[in-house]
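Trainee: One structure follows; several queries about it will come next.
The values are calculated or read from the model by the stated rules, or taken from the named source; none is laboratory data. Note that the structure is a prediction, hence the values are computed from the model and not measured. Every residue, glycine among them, receives a Cβ derived from its backbone with ideal geometry; neighbour counts consider all protein chains shown. Only protein heavy atoms, including side chains, enter the accessible area calculation; ligands, DNA and RNA are left aside. Shrake-Rupley method; radii C 1.70, N 1.55, O 1.52, S 1.80 Å.
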Amino acid sequence: MLRENAWKKYDSEKLQEMNRFCDGYKNFISECKTERECVSFAVEEIKKAGYVDLNEVIAAGKELKAQDKVYVNYMGKALAMFQIGDVPMEKGMNLLGAHVDSPRLDLKQDPLYEDSDLALLDTHYYGGIKKYQWVALPLALHGVVVKKDGSVLNVVIGEDESDPVLGISDLLVHLSQNQMEKTGSKVVEGEDLNILVGSIPLEGEEKEPVKAQIVKLLEEKYGITEEDFSSAELEAVPAGKARDYGLDRSLIMGYGHDDRICAYPSYQAMLALDHAEKTCVCLLVDKEEIGSVGATGMHSRFFENAVAEILNAMGEYSELKVRRALANSKMLSSDVSAAFDPNYPSVMCKKNTAYFGKGLTINKYTGSRGKSGSNDANPEYMAQLRKVFDENNVAYQTAELGKVDQGGGGTIAYIMANYGMDVIDSGVAVQNMHAPWEVASKVDIYEAYLGYCAFLKDVK
């Protein structure tokens, strides 16, 4: 059951391939810090590879056939890619599914206020975070502001070297005796995650002059009024690019590894697919970090509706065929797992945890404690994947998400399993999960890509 360190199988040529791939990934997570940015980035790339918007196909009345490539961009925050296979869709599809939302701080709808001659933005954290990790570090603001006329302003402040950065203050250690006696969940409260944005008063303004100066600046520089915040989707995220980590550059530190570290190799595996025997699909979805809810989360029926539209465009639609296509499918729920950390060994079962450098991680189940909320994949499916990965020389490992009673987590696996398809969690092991800066191994990222390619090509 011992797994070789995957680095040992790499010669100089394979190392170059891996590094090229990881450079592409670093660029992806440096440029894409919101779900909208991820989807927009991926759409531009897949269009160059011949993917066509399904809505354009439907509007033109074209008939889809085997090897056609189409995509559905759903509300700008979820993406479904399809390469039609030779085998009828009702026989099932091979699905890769990842999420592109990550923990962050969202601005409230009425966020801007002044206190003690300082202008601040009120936030509401998104997803599971340790709140104390988000203070005293540079933050950038990403997102969109939608004006009443329907025009959309894209906002990125804090990423260019000439940009200012934002941030949340922390209490100085000299006065923090009472604070340091609190439990970790109370050291910083959610309502105290207020972002400092300015301190200069507007000349001639008597009431809240610092806030007035920020309002004036936003309107003059970005065309944003204070009322526009009510129809905005603005996210505060760590400022800065992903970086090589470690003296040997074997790791990557970046924001949003969970779960863009699986999203990137998933859609890249689709682009690498030459010929699809079965219909192959990549799903990049939203809202996983808050329960996969909403129109762009996996609980939505947008993917099911897309399958129905494709069958209809192939001249084969029936409700029964849609049901069969979903039930007969096989899926890798591409999501991260917890990498063993020798600084915190007590929360891990060392025989059943993921390690840096051991390749793609397969979690038969996630959930918490008594497997609550998990998918718990079938052993027959696991055996099929083992065979495919071994035949394609993919380095992989099996793992659980920590010791039994330490906590746990969930993915989109159980949602897709509701259709009756075989699903298993399969992704990259990460340290610092849900922290502003997460860490992962380059070789694991590349082995995940190789595993996803093998899955699309060879799973029957």
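Trainee: Please give the helix 12-31 orientation as an angle from the longest Cα principal axis of the chain, in degrees from 0 to 90, rounded to the nearest 10.
Mentor: 40 degrees
Trainee: How many angstrom separate the Cα center of region 219-275 from the Cα center of region 278-348?
Mentor: If you average the Cα positions of each part, the centres end up 21 Å apart.
Trainee: Evaluate the Kirkwood expression for the hydrodynamic radius of region 316-394, namely the inverse of the mean inverse distance over all pairs of different C-alpha atoms, and round to one decimal in Å.
Mentor: Numbers: mean 1/r = 0.0647 Å⁻¹.
Computed over region 316-394, the radius equals 15.5 Å.
Trainee: Take the alpha carbon gyration tensor of region 385-452, find the square roots of its eigenvalues, order them as a ≥ b ≥ c, and report rounded if a/c is under 1.5; if not, report prolate when a/b exceeds b/c, else oblate.
Mentor: Values: a/c = 1.85, a/b = 1.08, b/c = 1.71.
Note, shape of region 385-452 comes out oblate.
Trainee: If you don't mind, another one. Counting only C-alpha contacts under 8 Å and six or more residues apart, can you give the relative contact order of region 153-197 as a whole percent? Before the final figure, lay out the partial values.
Mentor: On the way: 21 pairs, mean separation 19.0, N = 45.
Value for region 153-197: 42 percent.
Trainee: Moving on to the next point. When a/c reaches 1.5 or more, the comparison of a/b and b/c decides; with that in mind, is region 150-218 rounded, prolate or oblate per its Cα gyration tensor? Let's see the in-between values first.
Mentor: Working: a/c = 2.41, a/b = 1.66, b/c = 1.45.
Because a/c hits 1.5 or more and a/b exceeds b/c, region 150-218 counts as prolate.
Trainee: Suppose the chain between E161 and V173 were pulled fully straight at 0.36 nm per residue; how much longer would it get relative to their current alpha carbon spacing?
Mentor: Working: separation 12, 0.36 × 12 = 4.32 nm, distance 2.97 nm.
Computed gain between E161 and V173 is 1.3 nm.
Trainee: Here's a follow-up. So if I place +1 on the C-beta of Lys and Arg and -1 on the C-beta of Asp and Glu, and nothing else carries charge, what would the dipole magnitude of region 419-460 be about its Cα centre? I want it in debye, nearest 20.
Mentor: On the way: 3 positive and 6 negative charges, 27 e Å.
It works out to roughly 120 debye.
Trainee: Let me ask something else. As an exercise, find the ratio Rg/Rh for the chain from alpha-carbon atoms, using the Kirkwood inverse-distance average for Rh. Mind dumping the intermediate values first?
Mentor: Working: Rg = 23.2 Å, Rh = 23.4 Å.
Rg/Rh: 0.99.
Trainee: Compute the angle between helix 379-391 and the longest alpha-carbon principal axis of the chain, please, reported from 0 to 90 degrees and rounded to the nearest 10.
Mentor: Its long axis makes an angle of about 90 degrees.
Trainee: Let me ask something additional. Of all the accessible heavy-atom surface of the chain, with the other protein chains kept in place and a 1.4 Å probe, what percent is carbon and sulfur?
Mentor: Details: 10400 of 21100 Å².
The computed percentage sits at 49.
Trainee: Under a point-charge model restricted to the Cβ atoms of Lys and Arg (+1) and Asp and Glu (-1), what is the dipole moment magnitude of the chain relative to its Cα centre, in debye to the nearest 20? Could the numbers behind the result be given before it?
Mentor: Working: 50 positive and 71 negative charges, 432 e Å.
Taking the Cα centre of the chain as origin, the dipole is about 2080 debye.
Trainee: Which of the residue pairs K47/K77; K330/K403; K108/K287; K48/K69; K33/K221; K9/K364 have a Cα-Cα distance greater than 20 Å in the structure shown? Before the final figure, lay out each step's value.
Mentor: Numbers: K47/K77 17 Å; K330/K403 28 Å; K108/K287 17 Å; K48/K69 11 Å; K33/K221 22 Å; K9/K364 26 Å.
Over 20 Å apart, Cα to Cα: K330/K403; K33/K221; K9/K364.
Trainee: If Lys and Arg each add +1 and Asp and Glu each add -1, what is the summed charge of the other residues whose beta carbon sits under 10 Å from the beta carbon of V57?
Mentor: Numbers: positive: K62; negative: D53, E56, E63, D68, E309.
For residues surrounding V57, the net value is -4.
Trainee: Additional query: Relative to the longest principal Cα axis of the chain, at what angle does helix 302-313 sit, 0 to 90 degrees, rounded to 10?
Mentor: 50 degrees
Trainee: While we're looking at this one, here's another question. Find out how many positive minus negative residues lie around Y449, taking Lys and Arg as positive, Asp and Glu as negative, among other residues whose Cβ is under 12 Å from that of Y449. If you can, show how the numbers build up before the last one.
Mentor: Working: positive: R20, K442; negative: E17, D444, E447.
Result for the local shell: -1.
Trainee: Here is a further query. Normalising by the residue count of the chain, find the relative contact order in percent from Cα pairs under 8 Å and 6+ residues apart.
Mentor: Values: 996 pairs, mean separation 103.5, N = 460.
So the answer I get is 22 percent.
Trainee: Using only alpha carbon pairs under 8 Å that are at least six residues apart, calculate the relative contact order of region 366-460 and give it in whole percent. Don't jump to the answer; show the numbers that get you there.
Mentor: Numbers: 94 pairs, mean separation 32.4, N = 95.
So the answer I get is 34 percent.
Trainee: Fully extended, how many nm does the chain gain between K91 and E219 (0.36 nm per residue separation, minus their Cα-Cα distance)?
Mentor: Numbers: separation 128, 0.36 × 128 = 46.08 nm, distance 5.51 nm.
Between K91 and E219, full extension yields an extra 40.6 nm.
Trainee: Could I ask something else about it? How much area per residue is accessible in the chain when the probe is 1.4 Å and only protein heavy atoms are counted (Å²)?
Mentor: Working: 21100 Å² over 460 residues.
Heavy-atom SASA per residue in the chain reads 46 Å².
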